[in-house]
C-alpha cells in the first residue's frame, strides 16, 4: 500500500484528504463522441448535473453508446460546482459542447458541475462491457466510485505502463477465473455464440473449473462471487 501511495504522490502530488480505499477511482460513463474527444485533447472538462461528493485522483473513462467499453484513464484535477452561467463562462470552451447543448443539458437546474481532467491516457487495450461485468461492475448511468484493487486491475488490463496505479503487482493480478472467462467470451463472440446455449455451457464449465460460483448468466455477462 505504501509503495502505491508513493508512486501516486510522485505523479500527482499528495492524495486528497477525503480519498479512501473504496473511493479510490471514479468510473465515468461518457458518450462516445465526448470520450474520444478527451483522448484527442479537445475536451478537458466533463459536465455533470450531480457531482461526486468525493474527488479521487483517478478517473476511468467508460465510453457508452455503441462503444460500451473502457477506453482509458485521466487525472481528475478538481470538481467545480457553481451556477450554469458561471460554469459556462469559466469552462465552456473546454467542454466540447455547444452553448445550446449546454443549456439543454442544464435546463431547470440551479447548479452545474465541471469535472476538470488532465493527462488522459488511452489504453493499449480497450475493455468491453463483458470484461467489466466479469469484474463485478455495471457501467453507471453517470458515475460511480471504484475501490483500489478493482481500479488497479482495470489499469493493468488497459496496459497503461506509465500509470502509478499499476505499480502494485499483488493488487493488479486478475484472478484466474477472470482471464479464463474473458477468453471464452472472446472465442464465443468470434463464433457468433455470445448469446447462445453453447456460450452459456462453456462459461459455466470454466467458472466451475476455477471455483467461481455464478449467481446468474445473462447473455455473455456473468455475475457472482468466488466460492
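Some points to look at:
- Residues satisfying the stated conditions in the stretch 103-124, i.e. touching a residue at least 24 places away in the same chain (Cβ under 8 Å) and over 18 Å from residue 30 (Cα atoms): 109, 110, 111, 124
- Selection of the stretch 36-51 for residues being part of a loop (DSSP other than H, G, I, E, B), surrounded by fewer than 19 Cβ atoms within 10 Å (Cβ to Cβ), touching a strand residue (DSSP E or B) at 6+ places or on another chain (Cβ under 8 Å) and on the phi < 0 side of the Ramachandran plot yields 49, 50, 51.
- For the stretch 58-90, a residue qualifies if it is touching a residue at least 40 places away in the same chain (Cβ under 8 Å) and crowded, with 22+ Cβ neighbours inside 10 Å, and the qualifying residues are 58, 59, 60, 61, 62, 70, 71, 72, 73, 74, 76.
- Hits in the stretch 80-107 (condition: part of a helix (DSSP H, G or I), in contact with a strand residue (DSSP E or B) (Cβ under 6 Å, 6 or more places away or on another chain) and closer than 17 Å to residue 34 by Cα): 91, 94
Each value in this text was obtained by applying a stated rule to the coordinates, not by laboratory testing. From a predicted model like this one, the values you see are computed outputs, not experimental measurements. Counting neighbours? That spans all protein chains shown, and the Cβs are built from the backbone with ideal geometry, glycine included.
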